[in-house]
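*Asks:* Dropping a structure here in structure tokens format, bear with me for questions.
The values are calculated or read from the model by the stated rules, or taken from the named source; none is laboratory data. Bear in mind that the values here come from a model prediction, so they are computed numbers and not experimental data. All Cβ positions, even for glycine, are placed from backbone atoms using ideal geometry, and neighbour counts span all protein chains on display.
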Amino acid sequence: MSFRNAPLGVIHDRDKSTLFTSEIRAAIDTHIAKYPPEWKQSAVMPALTLVQEANGGWLTRDLMDAVAVYLDMPEVAVYEVATFYSMYDQTPTAKHKVCVCNSISCMLNGSEELIHHIEHKYQVKPGQTTADGRFTFKEAECLGACRDAPAVLIGKTYYEHLTPDALDRLIEGLE
Amino acid sequence: MTDKLTIEIDGRACEAAPGEMIIAVADREGIAIPRFCYHKKLSIAANCRMCLVEAEQGGRPFPKPVPACATPVGPGMKVQTRSPKAIEAQQGTMEFLLINHPLDCPICDQGGECELQDVAMGYGDGLSRYSEGKRVVMDEDFGPLIATEMTRCIHCTRCVRFGAEIAGVRELGATGRGEHMRIGTYVAHTIAHELSGNIIDLCPVGALTSKPYRFTARAWELTEADSIAPHDGVGSNVQLHIRRGQVMRVHPRDNEAVNETWISDRDRFSYAGLHAADRLTHPLVRRDGAWVAVEWTEALTLVAERLKAADAARTGWLIAPNATLEEMYLAQALARALGCPNIDHRLRQRDFRGDSADPLLPWLGVRIEELQSREGVLLIGSDIRPEQPMLAHRLRKAVLAGGRLALVNPYRLDLTHPATQLVVNPDGMVDALIGIAGALDARVTGPLRDRIARVAPTPTQQAVAASLKAAGANGKGLVLLGALAAAHPDFTVLKALSYAIAAASGCQVGYLPTAANSVGAALAGALPQVGPGARPAGQVGLPVAEMLAAPCSTLVLWGLEPDLDLGNPAQAMAALGQADCVIAASAFRSPALEAVAQVMLPIGAFTETSGTYVNADGVWQSFQGAVAPPGEARPGWKVLRVLGNLLALPGFEYSDTAAVRAELAACCEGVQPDNTPAGDLSGVPPVGVGAGLMRIGNVPIYALDGLVRRSPALQRTPAMGAFSVSLHPEQASALGLTDEDHVEVRQGEVGVRAPVILDDRIPLGCARIPAGVAGSESLGDQIAPVSMTKA
């Protein structure tokens with residue numbers, strides 16, 4: 001028996017119809033429908049994304065637990081996913097997230113310079129939010145845009161071939 | 001696909017089954033391949049990369065070294081575990097693993113028995129090229145059993161996989177990513193599973209170590225002795241680690257047929273009870289109300305005189321079900337030689353109406369190993385996880401393999417697998433079984449016949465019946481009776497119905513033995529109706545409840561605490577108080593024994609005596625004494641032998657337990673465990689438990705016997721909360737109680753105060769009030785009416 005070919009399901013004794021909102025439940029259900037019934041927990045990533053979006057960009061422990069209940073999976077398995085991927089946050093964030101790729105191609109093409117630039121100009125360390133609350137600065141693992149490195153993800157948009165000046169302009173454009 | 005194929009490892013031809021991994025073949029052939037994440041009982045993760053080897057198949061080399069744990073064998077495969085390419089890969093992996101691992105083995109508890117240390121010596125470089133700072137990981141508190149030092153973790157994830165695959169509870173996980181990955185619970189909580197201690201053995205480094213043992217000894221100071229765990233009916237094979245005559249810790253020994261590779265926490269940590277402050281170290285005699293230490297000769301002469309002078313018909317011997325086979329055999333021989341047939345080990349049983357019809361040598365019904373291949377199991381009256389942790393694990397395997405498990409219990413259990421739970425009050429257990437029997441059209445004679453014929457089974461009962469019948473048709477069905485059934489006032493009726501259900505569905509009947517030697521007791525003859533060799537006794541004596549109900553004037557208590565180990569402690573203590581003479585042989589000096597006994601004989605506990613236990617499937621497992629009993633205490637069998645000599649009884653000339661065992665084995669020649677009833681059990685009408693609020697007195701996991709009750713670490717686990725009364729929220733509000741109230745609970749003259757806990761697993765009309773724990777001493781039967789007033 002392996003939890004690779006048979007996921008460990010946990011039947012939570014809670015009423016699922018009280019979790020989240022009916023819109024979020026419906027949206028998660030469309031993702032659940034993509035997988036075989038016993039692999040319901042495959043929908044954990046889109047579920048976390050939906051729930052995080054509805055919560056202003058970050059996940060509380062209660063929300064992660066609720067996702068676990070909704071997908072009948074162990075809580076710790078949700079924490080594993082939420083802490084692994086850089087697009088999920090477990091602490092409050094600003095409305096905008098500026099995610100600079102720190103992986104090898106971007107690093108060779110100047111992402112370290114971008115990171116230093118943001119750190120100095122906006123006085124913010126990776127994982128922190130600027131004092132004026134304009135954006136949260138994050139380092140991200142490989143964004144998969146190596147061809148056009150260095151890449152930065154702001155919100156849901158990719159920006160490529162960035163220089164410090166170009167990044168400044170983008171940040172100034174944020175509301 | 002079943003054809004064997006031959007591969008070559010390091011130039012040696014090895015036979016392998018298709019689909020097997022290289023490492024499994026190498027292990028069988030005794031070829032060493034280093035590894036951390038691979039474990040034969042867990043799924044393959046292939047994440048440590050330590051087992052990289054060079055391989056080729058059909059003359060074509062694999063382009064890169066391959067992990068031996070995740071590469072299946074194929075025809076014409078050649079593997080090299082020590083080629084320059086393989087060694088380079090292994091050294092590289094080791095260097096990466098040591099980047100963040102502290103190199104301070106002298107201050108690590110695992111030092112000297114650490115897989116990482118060993119493999120680093122064998123496969124690593126002598127010098128580290130890494131001079132940067134190492135990462136530090138905050139520790140978590142996993143509770144009283146497991147100590148953590150997570151900085152040492154190398155992320156093999158064996159503990160995580162153990163939780164998911166063996167325990168069935170994902171308590172641990174790997175959160176974070178890359179360098180920030182850590183193993184933990186993420187939200188701090190105690191690890192509570194009853195097999196959790198096994199992750200200490202699984203951890204290849206010093207990240208998870210035993211909290212009670214930590215920093216008390218070094219691996220090279222310890223000597224090893226094989227033994228058998230003295231608690232549940234599995235008889236897990238263990239290895240004692242001893243330093244200077246003291247048991248320092250207990251480890252499992254592999255025995256696929258018994259405990260696989262695991263042991264329960266109860267078997268692992270109970271040894272701490274051996275060092276309890278209240279060990280009995282001298283023979284004690286009560287003189288003018290005070291306890292006086294005396295020489296053995298004096299104490300035993302006194303006991304012999306008392307036994308000789310006593311009225312044999314009014315003498316009773318109560319034997320703990322975890323006494324060794326030899327102790328039981330000698331005790332019954334002594335009692336019966338003196339003309340006393342009153343000997344019993346079924347301390348918590350209350351209904352003995354089936355004695356004359358019971359099977360002579362009841363057992364599990366199937367081999368322990370066969371439990372995991374059952375297709376349908378009906379479990380009656382058993383809180384299986386605390387009662388029989390290892391058997392619960394086997395049943396979980398059965399369910400995961402597609403088997404159906406149904407339970408009839410007086411409260412809902414927390415299980416780690418799907419099951420059909422019929423949660424009913426104690427009388428309802430009989431009704432539920434009648435329903436299942438009715439759905440199967442089971443035929444019985446006697447008072448239940450009409451009820452079975454008339455019953456309208458519920459859909460659930462019909463479904464249970466159908467799954468039993470389907471399993472029974474394949475010869476893979478089982479009806480099991482547990483400890484709560486044995487404590488039920490209608491145990492005989494439950495048995496009769498179990499046999500009826502089993503017969504109608506083609507299943508077998510099995511008994512979950514309550515303690516390490518419950519099966520052995522029948523072989524030794526420690527029963528009023530059964531003599532040695534599981535043969536009907538010539539003269540049938542009184543069962544335990546009758547010895548105490550119309551009190552015997554002389555009582556011998558062997559290895560038990562009367563206020564905690566007996567089914568009705570209030571009645572037992574009163575009976576013992578009235579007796580003329582109470583002789584107690586015990587490893588511990590408990591206040592209850594001091595209150596009622598006239599003589600206390602110190603006997604050796606687990607590890608301190610040689611002996612034999614017969615486990616649930618009837619296997620005789622002998623062990624040697626590993627450490628000396630404390631003070632003047634002596635192994636129990638020696639005490640009985642000398643007592644026999646003093647009483648001038650013939651035959652008490654044994655030089656060791658092997659001689660006793662050989663004599664009993666000769667007597668048991670050809671005797672096989674058999675659950676076929678010796679007579680008709682169905683003639684007994686249900687008496688019912690009575691009216692009013694019903695007590696469900698379960699024995700918590702670490703209250704099973706005197707030894708576990710004295711293990712401080714086990715007593716601090718969440719499974720052993722303070723004495724309390726659990727009620728269904730609706731039941732509590734019907735009684736005008738909330739979860740902050742205290743109540744006075746009363747089953748006889750003396751009441752006891754306890755807090756109320758709301759728990760919706762308890763059926764209405766019932767109150768779960770544990771037995772065998774501090775607070776329960778003044779109460780009565782485990783399953784009986786109880787009164788409750790707000791205090």
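*Asks:* May I ask you to list the residues in the range A:36-62 that are within 16 Å of residue A:8 (Cα to Cα), within 14 Å of chain B (Cβ to nearest Cβ) and out of contact with any helix residue (DSSP H, G or I) (no Cβ under 9 Å at 6 or more places or on another chain)?
*Replies:* A:38
*Asks:* Scan the range A:63-78 for residues that are away from chain B (no Cβ under 11 Å) and assigned to a helix (DSSP H, G or I) and jot them down.
*Replies:* Hits for the range A:63-78 are A:63, A:66, A:67, A:69, A:70.
*Asks:* Of all residues in the range A:9-35, count the ones that are farther than 21 Å from residue A:62 by Cα and either at pLDDT below 90 or within 14 Å of another protein chain (Cβ to nearest Cβ) (or both).
*Replies:* Qualifying residue count, the range A:9-35: 0.
*Asks:* Residues being part of a loop (DSSP other than H, G, I, E, B), surrounded by fewer than 16 Cβ atoms within 10 Å (Cβ to Cβ) and among the acidic types (Asp, Glu): count how many of those fall in the range B:743-759.
*Replies:* Total meeting the criteria: 1.
*Asks:* Just name the residue that is surrounded by the most Cβ atoms within 10 Å (Cβ to Cβ) out of those in the range B:422-448 that are of a type in the set (Val, Ile, Thr) and in a helix (DSSP H, G or I).
*Replies:* B:436
*Asks:* Grab the strands (runs of 3 or more DSSP E) fully contained in the range A:118-175, keeping just those with 1 or more residues being among the acidic types (Asp, Glu) and within 14 Å of another protein chain (Cβ to nearest Cβ).
*Replies:* Fully inside the range A:118-175 and qualifying: A:135-140.
*Asks:* Residues that are crowded, with 22+ Cβ neighbours inside 10 Å, farther than 30 Å from residue B:525 by Cα and touching a Leu at 6+ places or on another chain (Cβ under 6 Å): does the range B:413-421 have at least one?
*Replies:* No, there is no match, as no residue in the range B:413-421 is crowded, with 22+ Cβ neighbours inside 10 Å, farther than 30 Å from residue B:525 by Cα and touching a Leu at 6+ places or on another chain (Cβ under 6 Å).
*Asks:* Pairs, please: C-beta under 7 Å, at least 6 apart or cross-chain, first residue closer than 30 Å to residue B:780 by Cβ and in the range B:329-347, second surrounded by fewer than 22 Cβ atoms within 10 Å (Cβ to Cβ) and of a type in the set (Gly, Ala, Ser)?
*Replies:* B:340/B:312; B:341/B:537
*Asks:* Search the range B:41-62 for residues being part of a strand (DSSP E or B) and free of Cβ contacts under 8 Å to residues at least 40 places away in the same chain, and hand back the single one that is farthest from residue B:254 (Cα to Cα).
*Replies:* For the range B:41-62, the residue satisfying everything is B:60.
*Asks:* Then there is this: Within the range A:13-28, work out how many residues are in a helix (DSSP H, G or I), within 15 Å of residue A:69 (Cα to Cα) and within 20 Å of the chain's Cα centre (by Cα).
*Replies:* So the count comes out to 3.
*Asks:* Would you be able to tell me the number of residues in the range B:122-177 that are within 9 Å of chain A (Cβ to nearest Cβ), among the basic types (Lys, Arg) and not in a helix (DSSP H, G or I)?
*Replies:* 2
*Asks:* On to the next question. Looking only at the range B:687-737, which residues are closer than 18 Å to residue B:278 by Cβ, touching a Lys or Arg at 6+ places or on another chain (Cβ under 9 Å) and outside any loop (DSSP other than H, G, I, E, B)?
*Replies:* Result: B:702, B:703, B:708, B:713, B:714, B:715.
*Asks:* What's the number of the only condition in (1) over 17 Å from residue B:299 (Cα atoms); (2) part of a loop (DSSP other than H, G, I, E, B) that residue B:595 fails to meet?
*Replies:* (2)
*Asks:* Mind counting the residues in the range B:743-764 that are more than 17 Å from residue B:691 (Cβ to Cβ), among the hydrophobic types (A, V, I, L, M, F, W, C) and in contact with a His (Cβ under 9 Å, 6 or more places away or on another chain)?
*Replies:* Number satisfying all stated conditions: 4.
*Asks:* Give me the pairs: first residue in the range B:348-370 and under 15 Å from residue B:517 (Cβ atoms), second residue among the acidic types (Asp, Glu) and part of a loop (DSSP other than H, G, I, E, B), beta-carbon distance under 6 Å, and six or more apart or on different chains, which are they?
*Replies:* B:364/B:617
*Asks:* Also, I was wondering about something else. Quick check on the range B:614-628. Is at least one of its residues over 19 Å from residue B:516 (Cβ atoms) and under 27 Å from the mean Cα position of the chain (by Cα)?
*Replies:* Taking every residue of the range B:614-628 in turn, at least one turns out to be over 19 Å from residue B:516 (Cβ atoms) and under 27 Å from the mean Cα position of the chain (by Cα).
*Asks:* What's the total number of residues in the range B:8-35 that are touching a strand residue (DSSP E or B) at 6+ places or on another chain (Cβ under 8 Å), within 17 Å of residue B:90 (Cα to Cα) and part of a loop (DSSP other than H, G, I, E, B)?
*Replies:* 3
*Asks:* Hey, another quick one. Could you list, in sequence order, the residues of the range B:462-481 that are in contact with a helix residue (DSSP H, G or I) (Cβ under 8 Å, 6 or more places away or on another chain) and either surrounded by fewer than 24 Cβ atoms within 10 Å (Cβ to Cβ) or assigned to a helix (DSSP H, G or I) (or both)?
*Replies:* B:462, B:464, B:465, B:466, B:468, B:469, B:471, B:472, B:476
*Asks:* Among the listed residues B:88, B:95, B:115, which satisfies the condition of being more than 44 Å from the chain's Cα centre (by Cα) and at pLDDT 90 or above?
*Replies:* That would be B:88, the only listed residue that is more than 44 Å from the chain's Cα centre (by Cα) and at pLDDT 90 or above.
*Asks:* Looking at (1) without any contact (Cβ under 8 Å) to a residue 24 or more places away in the chain; (2) part of a loop (DSSP other than H, G, I, E, B); (3) of a type in the set (D, E, K, R), which is the only condition residue B:82 fails?
*Replies:* That leaves (1) as the condition not met.
*Asks:* Kindly list the number of the only condition in (1) more than 14 Å from every other protein chain (Cβ to nearest Cβ); (2) under 25 Å from residue B:199 (Cβ atoms); (3) assigned to a loop (DSSP other than H, G, I, E, B); (4) not charged (D, E, K, R) that fails for residue B:38.
*Replies:* Going through the list (1) more than 14 Å from every other protein chain (Cβ to nearest Cβ); (2) under 25 Å from residue B:199 (Cβ atoms); (3) assigned to a loop (DSSP other than H, G, I, E, B); (4) not charged (D, E, K, R), residue B:38 breaks only (1).
*Asks:* Scan the range B:555-574 for residues that are surrounded by fewer than 23 Cβ atoms within 10 Å (Cβ to Cβ) and more than 28 Å from the chain's Cα centre (by Cα) and jot them down.
*Replies:* Within the range B:555-574, just B:574 meets the criteria.
*Asks:* Which of the residues that make up the range B:104-121 are in a loop (DSSP other than H, G, I, E, B) and among the polar types (S, T, N, Q)?
*Replies:* B:110
*Asks:* Out of (1) in a loop (DSSP other than H, G, I, E, B); (2) within 30 Å of the chain's Cα centre (by Cα), the odd one out for residue B:648 is which?
*Replies:* (2)
*Asks:* Which of (1) in a loop (DSSP other than H, G, I, E, B); (2) of a type outside the set (Ser, Thr, Tyr); (3) surrounded by fewer than 23 Cβ atoms within 10 Å (Cβ to Cβ) is the odd one out, the single condition residue B:488 does not satisfy?
*Replies:* Going through the list (1) in a loop (DSSP other than H, G, I, E, B); (2) of a type outside the set (Ser, Thr, Tyr); (3) surrounded by fewer than 23 Cβ atoms within 10 Å (Cβ to Cβ), residue B:488 breaks only (3).
*Asks:* On to the next question. Give the range B:760-774 a look and list any residue that's surrounded by fewer than 18 Cβ atoms within 10 Å (Cβ to Cβ) and basic (Lys, Arg), or say none.
*Replies:* Listed by number, the list holds a single entry, B:761.
*Asks:* Would you point out the residue of the range A:79-95, among those that are more than 12 Å from the chain's Cα centre (by Cα) and touching a residue at least 40 places away in the same chain (Cβ under 8 Å), that is farthest from the other protein chains (Cβ to nearest Cβ)?
*Replies:* My answer is A:95.
*Asks:* Just one of (1) crowded, with 17+ Cβ neighbours inside 10 Å; (2) within 17 Å of the chain's Cα centre (by Cα) trips up residue A:41, so point out which.
*Replies:* (2)
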